[in-house]
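What follows is one structure encoded as structure tokens, with my remarks underneath.
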Amino acid sequence: MAFRWKNDLTEKDITPKQLWLNRRQIIAAAGASVVGMPALAQSLEPNTLSDIRSYNNYYEFGTGKEDPAQNANKLDTSNWTIKVDGLVDNPGDYSLADLLGGLSVEERIYRFRCVEAWSMVVPWNGVELADVLNRVGVKSSAKYVAFETVVQPDNMIGVQRRVIPFPYVEGLRLDEARHPLTLLATGIYGEPMANQNGAPIRLVVPWKYGFKSIKSIVRITLTDKQPPATWNLINAREYGFYSNVNPNVSHPRWSQASERRIGGGLFASRQDTLMFNGYDEVASLYDGMNLAENF
Amino acid sequence: MIIDRINRAARKIPAWPVYIVGSLWAGWLFWLGLTGGLGPEPINTLEREYGSTALQLLVAGLCITPLRRYAGLNLIKYRRALGVTAFFFVLAHLTIWIVLDVQSLSRVWEDILKRPYVTIGMASFVLLVPLAITSNNISVRRMGAQWRSLHKLTYPAVLMGSVHFIWLVKGWPIEPFVYFGAIVVLFAVRLDVIQRMSRG
Ligand code: HEM
């Protein structure tokens, strides 16, 4: 099951494609001024590890972008177990070794788009969630997968301050969870996942806004009902269950038409946001669905 | 007593250094943003730094009268400098937002109309403009009593600035509510003063 997705975002692949893309834009912009071209702002080189580790949303450790980097060192990731329950053949408390042992860890360079209209490119290391689901055995009645983040009140300042309800929960439809793009990631740049990035294991769903990619997972539940999702519970008008990246559905707080790549400095330009964050291969999952209503 | 000592010192220290310190602080933050000192996303960080400094200065300005009234601390001569500096930080906040953050005038307009937290921030700014323009001796002299009524706009402007802050955060962080609470308390104190004056 692993290696079902070909990584088109290696640095080797990207450069020629980028040149080609730019050339096409130059043609499209012929006659228009050259100044307005996004050009290099669209480059898809991964962000530096330092960017990835210092600009995070992880409300358990505070609401500021720099808070997780400062506070997440308190997270206790020793003896990590993940409870797998619900509509599965082999429920139980799994250690990471039990859950992932023997599966192929791949490097996947994905665009990562936050609902706050910023983005990064992250070289994840992880396994396909589908492989893990096969290992625990999904019953045929299951339709959704629910996830839960660890709560360690003594170690988590945001939990003490109750900035949002905890534990943080998220969910995917089973076909989304089984899509080859969907990862359980355990590292970045070949290094173990930093706590602020969701150590020791987190979800990565690159065609959805970042908050869907739940961090520090302690529970995976297979269910036949659409599971709760934290931001949707807080404000259903602003955050839908699907939360697919969609430049055409404006959010009450942020226009989603464009985004800013992190790492471009004080004069970074904006770039257009792509439907499904550029992962068109997932479009068929939503055939016949109105994505403006199911946002 | 410490109050007397501060009052005596205040008589000697002029107000103009407030402008100098304000400009240096704004410039220093910008420099940090240019050189990586504000983290990997300096635009939003700088925007927020300027916004918070503006709000802090406005709240500081609101404290001056109650401090004199209840603590005998006379810092009135710094009030205008605090207000005008606050206005410059709001202006910097707005400029960063338009030029570096949104980068498109049509989207600026769209955001002002569509996003309530921006609408109320802009409303606050609009109220602050006439106050900044009339913050000079000539206006004070020419306008007389009108000047005092006009400058009561400070209250709705600051309140809207703090509501803007509450509106833009997600979840329930403490900070914006601390500002809001402080402003409400300062208002209450002010109303109390007015009532007592009208009774007495
Ligand atoms: C002139 C119109 C204004 C606009 C368009 C505006 C826009 C913004 C934006 C876009 C943000 C950042 C939101 C985010 O990061 O998601 C922000 C934050 C902020 N603004 Fe404004 N603002 C305006 C006026 C004001 C005024 C008048 C004040 C103060 C009196 C103010 C105080 C703040 C504060 C305190 C923050 C948050 C800072 C922090 O997070 O620490 N803003 N504003």
Cα gyration tensor shape for region A:158-244, rounded if a/c is under 1.5, else prolate or oblate: oblate
For B:Arg48 the rounded accessible area (nearest 10 Å², probe 1.4 Å, non-protein molecules ignored) is 120
Below 29 Å, Cα to Cα, which lysines can B:Lys12 reach? Residues fewer than 8 away in the same chain don't count. B:Lys77, B:Lys152
Translational D (Stokes-Einstein, µm²/s) of the protein assembly as shown at 20 °C and 1.002 mPa s when Rh comes from the Kirkwood sum over C-alpha pairs? 84
May I ask for the angle, rounded to the nearest 10°, between helix A:11-28 and the longest principal axis of chain A, with both axes built from Cα atoms and the value confined to 0 to 90°? 40
Suppose every K and R has +1 on its Cβ and every D and E has -1 on its Cβ; what is the size of the dipole of chain B about the Cα centre, in Debye to the nearest 20? 1240
With every protein chain kept in place and a 1.4 Å probe, the residues B:His151, A:His251 fall, from largest accessible area down, as B:His151, A:His251
For A:Arg202, the accessible surface traced by a 1.4 Å probe with all protein chains present amounts, in square angstrom to the nearest 10, to 10
Compute the relative contact order of chain A as a whole-number percentage, counting only Cα pairs closer than 8 Å that sit 6 or more residues apart in sequence. 20
For the protein assembly as shown, the dipole about the Cα centre with charges only on Cβ (Lys and Arg +1, Asp and Glu -1), to the nearest 20 debye, works out at 2960
Kirkwood Rh and Cα-based Rg: tell me the resulting Rg over Rh for region A:11-286, rounded to two decimals. 0.97
Looking at the square roots a ≥ b ≥ c of the eigenvalues of the Cα gyration tensor of region B:1-106, which shape do they give, rounded for a/c under 1.5, prolate if a/b is larger than b/c, or oblate? prolate
Need one value for B:162-174: mean number of C-beta atoms belonging to other chains within 10 Å of its residues' C-beta atoms. 4
Between region A:76-120 and region B:44-96, how far is it from one alpha carbon centroid to the other, in angstrom? 48
Where the eigenvalues come from the Cα gyration tensor of region B:2-199, what are the semi-axes √(5λ) of the equivalent ellipsoid, largest first, in whole Å? 30, 20, 17
Cross-link partners among lysines for B:Lys170, C-alpha distance below 22 Å, same-chain residues fewer than 8 apart left out? A:Lys65, A:Lys208, A:Lys212, A:Lys215, B:Lys114
Per the 1/(1 + (r/R0)^6) rule, R0 = 51 Å and r from the Cβ atoms of B:Ile3 and A:Thr77, FRET efficiency to 0.05 is 0.45
Does a label point 7 Å from the Cα of A:Gln152, set along Cα-to-beta-carbon, have any residues of region A:198-240 with amide nitrogen under 15 Å, and which are they? A:198-202, A:215-219
Highest average packing first - A:63-71, A:219-227, Cβ atoms within 10 Å: A:63-71, A:219-227
Provide a whole-number value for the mean count of partner chain Cβ atoms within 10 Å of the Cβ atoms in peptide A:253-260. 4
Between A:Lys139 and A:Leu291, what length in nm is gained on full extension when 0.36 nm per residue of separation is reduced by their alpha carbon distance? 51.9 nm
Prolate/oblate/rounded label for region A:183-225 (Cα gyration tensor, a/c 1.5): prolate
Enter the accessible area of B:Ile20 (Å², nearest 10), with the probe set to 1.4 Å and all protein chains included. 90
Roughly how far apart, in whole Å, are the Cα centres of region A:250-274 and region B:124-200? 34
For region A:61-116, what is the per residue volume of the convex hull drawn over the alpha-carbon atoms, in cubic angstrom? 182
Report, in order of residue number, the helices in chain B meeting two criteria: a C-alpha extent of 15 Å or more along the helix axis, and a mean Kyte-Doolittle hydropathy of at least 0.0; treat each whole DSSP H run as one helix. B:16-34, B:42-71, B:79-95, B:116-133, B:154-168, B:175-199
Per residue, how many Å² of accessible area does region A:118-209 show with a 1.4 Å probe? 30
Would you mind computing, in nm to one decimal, how far apart the modelled labels at B:Thr35 and B:Asn136 are, each placed 7 Å from Cα along Cα→Cβ? 3.5
Average beta carbon contacts from partner chains per residue of B:36-48, 10 Å cutoff: 6
Which value in deg cm²/dmol, rounded to the nearest 500, describes the helix-derived mean residue ellipticity at 222 nm for chain B, given -39,500 (n - 2.57) per DSSP H run of n ≥ 4 and division by the residue count? -26000 deg cm²/dmol
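The values are calculated or read from the model by the stated rules, or taken from the named source; none is laboratory data. Not measured: the values here are computed from a predicted model. Every residue, glycine among them, receives a Cβ derived from its backbone with ideal geometry; neighbour counts consider all protein chains shown. Only protein heavy atoms, including side chains, enter the accessible area calculation; ligands, DNA and RNA are left aside. Shrake-Rupley method; radii C 1.70, N 1.55, O 1.52, S 1.80 Å.
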